[in-house]
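Written below as structure tokens is the structure these notes are about.
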Amino acid sequence: MRRCWRGLAGLIPVLSAIQHRSEEPQRALVRLKVREVRVNQINTLRFVLKSLGSFIQRSIEATAFTRKVRTLLSAADVALVAELLEAIDQLNAKLEQLDLELEPPGTDRYPATQHSRQVAGVGPLLLCADDRIA
């Protein structure tokens, strides 16, 4: 029993040194989680379609995914997965709105992000969620 208490007592200095993110980067991380939901739904749709014999390329961009899937599939297959396609469309619209809300803080409050934004695929969301900038 004493070993357990000694072990826990040894963690106290480690735990007290933890620094939490401020509110804004934490909110940016929540937006990243919403993106993960979209990725999971897209992968679910890919698996369902694969079981039906349709293979969807992985190189399709998430924002164009539903539009391209609708053109690649037969009408019967589109009707079968219509609800999932609609859910992905709704997430795309919501994420677009969230990105517009995030854009000004990412550029105005953090001038250091301008250099990083020149890299393809690095947007305001990733930069605001980065601990070093926040």
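The values are calculated or read from the model by the stated rules, or taken from the named source; none is laboratory data. Everything numeric here is computed off the predicted structure, so don't read it as measured data. Virtual Cβ from ideal backbone geometry, glycine too; neighbours counted across all protein chains shown.
Brief remarks on what is shown
- Residues satisfying the stated conditions in segment 49-69, i.e. in a helix (DSSP H, G or I) and surrounded by 15 or more Cβ atoms within 10 Å (Cβ to Cβ): 49, 62, 65, 66, 69
- Test for residue 82: is it surrounded by fewer than 15 Cβ atoms within 10 Å (Cβ to Cβ) and at pLDDT below 90: no
- Test for residue 87: is it surrounded by 14 or more Cβ atoms within 10 Å (Cβ to Cβ), at pLDDT 85 or above and within 18 Å of residue 46 (Cβ to Cβ): yes
- Looking only at residues of segment 38-85 that are of a type in the set (A, V, I, L, M) and without any contact (Cβ under 8 Å) to a residue 12 or more places away in the chain, we find that the one that is nearest to residue 96 (Cα to Cα) is 64.
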